[in-house]
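In what follows, a single structure is set out as structure tokens and then discussed.
The values are calculated or read from the model by the stated rules, or taken from the named source; none is laboratory data. Here the structure is a predicted model, which is why all the values come from computation and not from measurement. Don't worry about glycine lacking a Cβ; one is built from the backbone with ideal geometry, like all the others, and counts go over all protein chains shown. To get the accessible areas, we keep the full protein, side chains included, count just its heavy atoms, and leave off ligands, DNA and RNA. Shrake-Rupley method; radii C 1.70, N 1.55, O 1.52, S 1.80 Å.
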Amino acid sequence: MQPAESKNKPKNTSRRRFLLGGLGVTGALIVGWGMMPPRQRLHPANPLPASEGEVRLNGWVKLAPDGTVTVAMPQCEMGQGVYTALPMLLAEELDVSLSSVRLERAPIDKIFGNVAVLQDGLPFHPDGAGTFKEAVVWFTGKAAREFGLMITGGSSSIKDAWRPMREAGATARAMLVAAAAKEWGVAPEQCRTEDGTVLHASGKKATYGELAAKAVHSTPGAIRLKEPGEFKLIGTPQPRRDSASKVNGTAVYGLDPRPKGLVYAAVKMSPTIGGSIQKIDADAVKHMPGVIRVVDFTGAAPGMVGVAVIARSYWQAKQAVAALPVTWNPGPNAALSSASVFQELAARLNSDSGFTYHSAGEPDPGKAAVKHLKAEYRAPFLAHATMEPINCTAQVKDGKVTLWASTQVPSIAADTAVRVAKVKPEDVTVNVTYIGCGLGRRLEVDMIAQGVAIAAQADGLPVQVIWSREEDTTHDFYRPAALARFSASLDGSGNVVSYENKLASGAITHQVMERTFGLLGAGPDKTTAEGAFDMPYEFTHQKIAHVTVPTPVPIGYWRSVGHSHNAFFKESFIDELAHEAGKNPVEFRRSLLKQHPRHLAVLDAAVAKAGKPADGRAHGIALHQSFGSIVAEVAEVSVQGAEITVHKVTCAIDCGIAVNPNIIAQQTESAVVFGLSAALFGEVTIKDGKVEQQNFHDYPVLRMNQAPHVETIVIRNAEPPEGVGEPGTPPIAPAVANAVFALTGKRLRSLPLRLS
């Protein structure tokens, strides 16, 4: 089901930019601001439009006379199932069937801003507690409500919506009950609700549709949210609401909009990182069929250098841009290579102490270390390789901008259109489509800036900008290359008495802050060390630090971000320690989780379900927590010559309350397959300042015949829900690597995993 479009108009770009830039500038103002209550998330400044007969009960809910419930949908659907799971939250508290709920794109408004994704970015250890942590989390949440950034990412959709959507449903329900009670002359406490109807013991009843007009003027009493034991819908395996439209072709993705007069644009961008245009011979292609204009869009976004051809069809645009003579200046990074990147990472690890993200205890002098173990691990740059090519459809006409975009950040996309087109915020409309694969790539707004800049020179015609796969692969915002060094000591009984880990990589958030918000990126960036410093293992002495090494290579958020490589480093080294201690890898981990019963339960569940491997195969285990969820994976692997085959993956996940177990299983399967592509094949290399990979022939992804059987166990509990979209990705690489070691005795310390 595609949500109905709404006029997504941003309210105040300058205020958001001021707030992002001004935090920390004036201490007295911040203290005074901090004393004020957090911004509410129920009533918007920019409400959903209401048709005749519809009433708005709050910023999230509309009711029609026939009982149809319309829910505002601020999140973007990119396969993760939010169009099913989020309405379940509201329907549960409102006491309506899921089938009676329709979706409508939420307008750009602060009440829909993602609070959880910013709070989760704080570099605190999950075991940590105390007033300072609580205060920083609270202030960050308060600031996030002011920013109002509408973001779908960080596996945060359910987590962020857990309270506001349930409160919206519970508030609407209370208003309907109050209206019925007033009409019947009874106390609201004497009424109950069921399937869109208010009922009284006397036999009186009224549907929500009948009460809607009166409810909008009612004043409810105290709002009470249901306890988990009262849930009827949450926790049940509901079928996906978007499946039918995706099967029958009616789902609208970024490439599907066809506004009147649509023309197309293909792009050609600098082949070298940091290069520039020296000369464009536009006259050479103006005679080609369908060509309308050649546009230099250099400077539309920070670091963006390139040219586009606008034509009547995409094929005509693509042919013309391929033939367009462009002379490039290679710029300052012409000598950049993957080898030089890793050389610098190693040098900085040698010379810098880095920022210590976590340190605990000291080596026990009573336990003499008799064994010492050191290891170095590395991970390459990775591309997102989204199935839907990068695209944006934009129209700049009569001082207004209209966007049709598969974006994960509609509010930032709107701000970008304001900046590039130099229009007022209220003159931008964003139509968010289905996303045909996000993976973090569409958290960026380079395609939005580019689309608006090109459309601004199209004489008012709407322009659909489409990147070729080659342009996409060579102009991504890559998962950073990273290097990790470990050193540990064990006593005579195989106990770890000292554990130290130092990593080096670029800092994604530093780059994002500069290119997206024009702010200087500085300070600790959790994404660099997440999955390393926040592990649950109870080593007596541990120290985890990271060295930030600035890079000219554009880097960005990639599904599971820092966890994607740090889990490989950490869980592989844990296996090394187990081997050095002469202990079973599972039992070794169990001995380090005595104070972490949830982690232990997940580990035990995965191992028990996996059973014993088939003859000629071996199991590898990995346990990792990311985005609040704990995942254990057992990979069943065989090796034939240099070929690694993964036959089966058994996953156990504790993500708190399982809102929709079906979607959790789907997302876990998806995360495993995505992570396995990277583990076995993924590598972006740089030579002479250029990305070498071009398309799926040299940047392969897992094929259907290579995909393992994935079995998922969802651990049930009543804890608040955590992330699901990404936590299944980090453990798969180390699980496979550990299985390969069990089979061959070879320890693979670099990604992708290769035996030759």
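So here's what we get for this one:
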item: Net charge over other residues, Cβ less than 10 angstrom from the Cβ of GLU194 (K, R count +1; D, E count -1); result: +1
item: In sequence order, calculated HN-Hα J values of region 149-159 (Karplus, 6.51, -1.76, 1.60; Hz; x Gly/Pro); result: 6, 7, 10, 10, x, x, 6, 10, 4, 5, 4
item: Ordering of 64-72, 736-744 by packing [mean C-beta count within 10 Å, highest first]; result: 736-744, 64-72
item: Rounded accessible area per residue of the chain, 1.4 Å, Å²; result: 39 Å²
item: Potential lengthening between ALA222 and ALA201 on full extension [0.36 nm per residue; Cα-Cα distance subtracted]; result: 5.4 nm
item: Sequence-distant lysines (8 or more away, or on other chains) whose Cα lies within less than 22 Å of LYS422; result: LYS7, LYS9, LYS11, LYS397, LYS400
item: Residues whose placed amide H lies under 5 Å from that of SER629, excluding near-sequence neighbours; result: GLY723
item: Computed accessible area, LEU519, all protein chains, 1.4 angstrom probe, square angstrom; result: 40 Å²
item: Those lysines that a straight Cα-Cα span of less than 21 Å connects to LYS204, excepting residues fewer than 8 apart in one chain; result: LYS182, LYS214
item: In Hz, Karplus ³J(HN,Hα) per residue of region 523-531 (6.51, -1.76, 1.60; θ = phi - 60°; x = Gly, Pro); result: x, x, 10, 3, 4, 6, 10, 4, x
item: Efficiency of FRET between ALA707 and GLU362 - r from beta-carbon atoms, R0 45 angstrom, step 0.05; result: 0.45
item: Beta bridge orientation in the chain: antiparallel %, DSSP, nearest 5; result: 75 percent
item: Percent RCO, i.e. relative contact order, over the chain, from Cα pairs under 8 Å lying at least 6 residues apart; result: 14 percent
item: Gain in span if fully extended, GLU580 to HIS697, counting 0.36 nm per residue against the direct Cα distance; result: 38.1 nm
item: Cβ-derived FRET efficiency at R0 25 Å, ALA213 paired with GLN40, nearest 0.05; result: 0.55
item: Alpha-carbon spread of region 506-566, three principal axes, descending order, Å; result: 42, 23, 18
item: Separation in nanometres of the label points that stand 7 Å from Cα toward Cβ, at LYS371 and LYS594; result: 2.0 nm
item: Where Rh is the Kirkwood radius over Cα pairs, Rg/Rh for region 538-663; result: 0.99
item: Cβ-defined net charge surrounding ARG145, 9 Å radius [Lys, Arg +1; Asp, Glu -1]; result: +3
item: Given LYS543/LYS570; LYS62/LYS142; LYS205/LYS226; LYS687/LYS746, the pairs whose alpha carbons are separated by over 19 Å; result: LYS62/LYS142; LYS205/LYS226; LYS687/LYS746
item: Peptides 425-434, 289-298 ordered by average Cβ neighbours within 10 Å, highest first; result: 425-434, 289-298
